[in-house]
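Novice: Provided herewith is a single structure, encoded as structure tokens, for subsequent inquiry.
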Amino acid sequence: MNTFLIIYLIILISEAIISTILKYTWQAEEKWDEPWYNQKTEHQRNSSKILRFISDFLAFLVLYNFIIPISLYVTVEMQKFLGSFFIGWDLDLYHEESDQKAQVNTSDLNEELGQVEYVFTDKTGTLTENEMQFRECSINGMKYQEINGRLVPEGPTPDSSEGNLTYLNSLSHLNNLSHLTTSSSFRTSPENETELIKEHNLFFKAVSLCHTVQISNVHTDGIGDGPWQSNLAPSQLEYYASSPDEKALVEAAARIGIVFIGNSEETMEVKILGKLERYKLLHILEFDSDRRRMSVIVQAPSGEKLLFAKGAESSILPKCIGGEIEKTRIHVDEFALKGLRTLCIAFRQFTSKEYEEIDRRLFEARTALQQREEKLANVFQFIEKDLILLGATAVEDRLQDKVRETIEALRMAGIKVWVLTGDKHETAVSVSLSCGHFHRTMNILELINQKSDNECAEQLRQLARRITEDHVIQHGLVVDGTSLSLALREHEKLFMEVCRNCSAVLCCRMAPLQKAKVIRLIKISPEKPITLAVGDGANDVSMIQEAHVGIGIMGKEGRQAARNSDYAIARFKFLSKLLFVHGHFYYIRIATLVQYFFYKNVCFITPQFLYQFYCLFSQQTLYDSVYLTLYNICFTSLPILIYSLLEQHIDPHVLQNKPTLYRDISKNSLLSIKTFLYWTILGFTHAFIFFFGSYFLMGKDISLLGNGQMFGNWTFGTLVFTVMVITVTVKMALETHFWTWINHLVTWGSIIFYFVFSLFYGGILWPFLGSQNMYFVFIQLLSSGSAWFAIILMVVTCLFLDVVKKVFDRQLHPTSTEKAQLTETNSSIKCLDSMCCFPEGETACASVRRMLERVIGRCSPTHISRSW
């Protein structure tokens, strides 16, 4: 819009310069410079020619300044603000389970929803439900899964006599513990059983203590009285956590029998095998995206100082010096291949001297006045080392409904989808396959575990060669956070070349700031695509704010993402309606609004410019000042405003079911220079018809009135203005596809209002007006049959050319949207297409008849009204 405005400023200045030059060229002849009826004063004769030239130039600028549509910006802001309410009112975007409707936090980006080329989405809570369920764990190198609230080693369960034998043979070194199954037929030796109980005890103790979970005040008597049992009623304990992972793990430990039952400022209470134990909470080392782990330091009832840590395997395993590290690493990879989210658990025991040193360092770092965060990070690194690995947990987070269908629809619409997640590589790939982001037939390329710039660059070149050599298979790219940092450091162009040729990209082990960097990289690429980011948590805020359009999911991780986003929805599946329907409609409406405003202002001012050739460039205005003021405010404002709010050029269900229609409006096609030139040339053409049609009607010395009186210059200007108001209003009617009673009211009402106002304005002598130029002019004009004939002829001539062009375009070069409109005419929804949109085989006259039927009210209201 700003580009178009600059072009029109150039047109304005050019017209003013041309008019000024021609004025002085004309006045070079003495008879025109100072005619007998308009003698100059002495002051005018002696004034500076340069000052007179500048004065005349400024006068022409004032005369032609209405070509700049100042009211366009007001109308656009009204359209954006009022139009944004339709998103909140859309019942298809309402989520009944959570009682959440779509929210619009900014109305300035409505049309951007129709131009999205890249979608960047988080995984957890965005593609998934963010409802974690504990499934499996690895304790000291042994894998277990939870079945019906019992911890069972992986393998056949002892449900039959044959199964019991197999189960016993596979666990000859462990056998079946009382807390692992309810079968009383199997017992290990007391020593082994005691040792295993200690291992499991310590593992789940770490799970129950290393967290920031809060608990409601409930009765805890009788909870956890039996060893390793699962008799907890859901109503007895209710945990609250900022992270669903923590809640799922604490609940799983409670089902196993180690129950976290509350905490205060300094103590954490846990029931272990029916025995209440109080641990003094000494320090919490909070989770951050750089460390990717959290830790707590507690004092056990025996007086031991213990550190319990949990985090991603990439942040825990390198810090471990003991435990079954390799076996646990294998188990974590196996969990990840199943799409489970994994965490590793470790601990460390401090001596009194070590703890004193740690306590002192933490105190100094937390009370530092400068570089506090850096000092805390260094202290955390010092503390979280020399760990003993206890095991790993695996929780499941199922996909939301219709995620696969939504991603496939986005792909059909020509939108590239990138998944940016902090999960492990195997977990992320598994989820991408299950949600349809990656296809089974897709060739998956990997850029992971790169250690140096040279290694990363060589890998990128190999990937680029593979993509170039293979022109058939679709490619998907997997990048991890470490490799991404190397790629963005010195090889941005090469990395972007690989990404652009991939149908889907998955970035795993991503830090929040890395997500924002990836989006910024795409934004500043030569194509300058419109980007959209979707996330649900506080760690997604940076990428939501970096993208052109930010979508917040109102999930279970608070409202940070929703509050910092441009739009907020309850589920990922709502993204398809938001883009394909609302985005499509908003873009069509705003694009037509902008082009139409420039068109009608060209129609308005060009006759004023042409008139100067017939009045010796004397700066005489063609229109009355009241008409100049009210043209954009009253006579032509409402039809385009209502169009920009209600227009539905195609049924919403068709748009949502045919995502390929989104491609028709991509790349800002309706606001391209080609379309802009069409509307501008159309405006100049209509303006020439208005002016010269009226001029040839009145140009000779003939009387068009019954009493022999001739028309004057005000009557000529009023005739041009009348033809113009009718033409630009009916032109808006031709552009309208979706007619409601409001459209009829403002379209035909605007024309009727112009006639009524002109009769009233010109029929009375107004005492507060300085001149009465328009008195009886309009009434005199309408009393001439020739004037009525000229008005009708010029309006039909102007619009006939436009209608013919539309008909030929639809027949010879129809877009996918226009083809969908043709098929839609056989549906149950009528009155959708305008008089220029008609089914194949139907004549234009039949379409005009259908338009007239709408005007006289034969169109059924039940067909017009359509609920969102």
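The values are calculated or read from the model by the stated rules, or taken from the named source; none is laboratory data. None of the values given here were measured: they were computed from a predicted structure. Note that we place each Cβ from the backbone using ideal geometry, even for glycine, and neighbour counts take in every protein chain shown. With ligands, DNA and RNA removed, areas are computed over all heavy atoms of the protein, side chains included. Shrake-Rupley method; radii C 1.70, N 1.55, O 1.52, S 1.80 Å.
Novice: State whether the residues of segment 243-254 include one that is open to solvent by less than 10 Å² (accessible area, probe 1.4 Å), farther than 22 Å from Asn130 by Cα and modelled with pLDDT under 90.
Specialist: No, because not a single residue in segment 243-254 is open to solvent by less than 10 Å² (accessible area, probe 1.4 Å), farther than 22 Å from Asn130 by Cα and modelled with pLDDT under 90.
Novice: Kindly list the number of the only condition in (1) at pLDDT 90 or above; (2) in a helix (DSSP H, G or I); (3) closer than 30 Å to Arg440 by Cα that fails for Ala394.
Specialist: Condition not satisfied by Ala394: (2).
Novice: Does segment 562-570 contain any residue that is touching a His at 6+ places or on another chain (Cβ under 7 Å) and farther than 19 Å from Met132 by Cα?
Specialist: No, that holds for no residue.
Novice: Using the structure shown, decide if Leu165 is farther than 30 Å from Leu655 by Cβ, at pLDDT below 90, open to solvent by less than 10 Å² (accessible area, probe 1.4 Å) and outside the structural domain of Tyr567 (by the TED database).
Specialist: So Leu165 does not fit the description; no.
Novice: Moving to a separate point now. Quick one: in segment 776-808, of everything that is open to solvent by 40 Å² or more (accessible area, probe 1.4 Å) and more than 21 Å from His686 (Cα to Cα), which residue is nearest to the chain's Cα centre (by Cα)? Step through it out loud before you land on a result.
Specialist: Of all residues in segment 776-808, those open to solvent by 40 Å² or more (accessible area, probe 1.4 Å) come to 776, 779, 783, 785-786, 788-789, 792-793, 796-797, 800-801, 804-806, 808.
Those still in the list that are more than 21 Å from His686 (Cα to Cα) too: 776, 779, 783, 785.
Values: Phe776: 56, Ile779: 54, Ser783: 56, Gly785: 56 Å.
Residue satisfying both the conditions and the ranking: Ile779.
Novice: Let me ask something else about it. Considering segment 426-455 alone, what residues qualify as being touching a residue at least 40 places away in the same chain (Cβ under 8 Å), assigned to a helix (DSSP H, G or I) and either of a type in the set (Val, Ile, Thr) or open to solvent by less than 50 Å² (accessible area, probe 1.4 Å) (or both)?
Specialist: Glu426, Thr427, Ala428, Val429, Ser430, Val431, Ser432 - these are the residues of segment 426-455 that are touching a residue at least 40 places away in the same chain (Cβ under 8 Å), assigned to a helix (DSSP H, G or I) and either of a type in the set (Val, Ile, Thr) or open to solvent by less than 50 Å² (accessible area, probe 1.4 Å) (or both).
Novice: So is Glu304 modelled with pLDDT of 85 or more, surrounded by fewer than 22 Cβ atoms within 10 Å (Cβ to Cβ) and either of a type in the set (Ser, Thr, Tyr) or within 19 Å of Leu389 (Cα to Cα) (or both) or not? It would help to see each step written out before you state the result.
Specialist: Working: modelled with pLDDT of 85 or more: yes; surrounded by fewer than 22 Cβ atoms within 10 Å (Cβ to Cβ): yes; either of a type in the set (Ser, Thr, Tyr) or within 19 Å of Leu389 (Cα to Cα) (or both): yes.
The answer is yes for Glu304.
Novice: From the set of residues in segment 259-288 that are of a type in the set (Ser, Thr, Tyr) and open to solvent by less than 50 Å² (accessible area, probe 1.4 Å), which is nearest to Phe204 (Cα to Cα)?
Specialist: This residue is Tyr279.
Novice: Also, I was wondering about something else. With over 27 Å from Gln656 (Cβ atoms), in contact with a strand residue (DSSP E or B) (Cβ under 7 Å, 6 or more places away or on another chain) and either modelled with pLDDT of 90 or more or not aliphatic (A, V, I, L, M) (or both) as the only criterion, which of Asn601, Asn501, Asn539 stands out? Working first, answer last.
Specialist: Numbers: Asn601 fails: in contact with a strand residue (DSSP E or B) (Cβ under 7 Å, 6 or more places away or on another chain); Asn539 fails: in contact with a strand residue (DSSP E or B) (Cβ under 7 Å, 6 or more places away or on another chain).
Of Asn601, Asn501, Asn539, the one residue that is over 27 Å from Gln656 (Cβ atoms), in contact with a strand residue (DSSP E or B) (Cβ under 7 Å, 6 or more places away or on another chain) and either modelled with pLDDT of 90 or more or not aliphatic (A, V, I, L, M) (or both) is Asn501.
Novice: Can you confirm whether segment 289-309 contains a residue that is under 22 Å from Lys143 (Cα atoms) and in the same structural domain as Ile358 (by the TED database)?
Specialist: yes
Novice: Could you please let me know if Glu326 is under 23 Å from Gln133 (Cβ atoms) and acidic (Asp, Glu)?
Specialist: no
Novice: Go through segment 747-771 residue by residue and tally those that are under 17 Å from Leu628 (Cβ atoms) and modelled with pLDDT under 75.
Specialist: The total comes to 4.
Novice: Let me ask another. When you scan segment 64-80, how many residues do you find that are outside any helix (DSSP H, G or I) and buried (at least 19 other Cβ atoms within 10 Å of the Cβ)? Explain how you work it out, then say what you get.
Specialist: First pass over segment 64-80, keeping only residues outside any helix (DSSP H, G or I): 68-69.
Subset that is buried (at least 19 other Cβ atoms within 10 Å of the Cβ): 69.
Qualifying residue count for the region: 1.
Novice: Name the one entry in Glu364, Glu354 that is of a type in the set (D, E, K, R), open to solvent by less than 80 Å² (accessible area, probe 1.4 Å) and either under 30 Å from Asn449 (Cα atoms) or not assigned by the TED database to the domain that holds Ile448 (or both).
Specialist: Going through Glu364, Glu354 in turn, the sole match is Glu354.
Novice: Grab the helices (runs of 4 or more DSSP H) fully contained in segment 521-621, keeping just those with 2 or more residues being open to solvent by 10 Å² or more (accessible area, probe 1.4 Å) and among the hydrophobic types (A, V, I, L, M, F, W, C).
Specialist: Per the criteria, 584-611.
Novice: Residues being touching a residue at least 12 places away in the same chain (Cβ under 8 Å), among the acidic types (Asp, Glu) and farther than 27 Å from Val431 by Cα: count how many of those fall in segment 456-491.
Specialist: Total meeting the criteria: 1.
Novice: Here's a follow-up. Just to be sure, is Ile642 out of contact with any His (no Cβ under 6 Å at 6 or more places or on another chain), open to solvent by 10 Å² or more (accessible area, probe 1.4 Å) and of a type in the set (Val, Ile, Thr)? If you could, list the steps in order and put the result at the bottom.
Specialist: Numbers: out of contact with any His (no Cβ under 6 Å at 6 or more places or on another chain): yes; open to solvent by 10 Å² or more (accessible area, probe 1.4 Å): yes; of a type in the set (Val, Ile, Thr): yes.
For Ile642, the condition - out of contact with any His (no Cβ under 6 Å at 6 or more places or on another chain), open to solvent by 10 Å² or more (accessible area, probe 1.4 Å) and of a type in the set (Val, Ile, Thr) - is met.
Novice: When both residues are 6+ apart or on different chains and their Cβ atoms are under 6 Å apart, which pairs have a first residue that lies in segment 714-729 and is in contact (Cβ under 8 Å) with a residue 60 or more places away in the chain, and a second that is in a helix (DSSP H, G or I) and among the charged types (D, E, K, R)?
Specialist: Hits for this filter: Val728/Lys600.
Novice: Can you tell which of Lys517, Lys493 is open to solvent by 50 Å² or more (accessible area, probe 1.4 Å), in the same structural domain as Val119 (by the TED database), of a type in the set (D, E, K, R) and over 30 Å from Glu557 (Cα atoms)?
Specialist: Lys493
Novice: Does Val403 satisfy being in contact with a strand residue (DSSP E or B) (Cβ under 9 Å, 6 or more places away or on another chain), under 24 Å from Gly481 (Cα atoms) and surrounded by 13 or more Cβ atoms within 10 Å (Cβ to Cβ)?
Specialist: no
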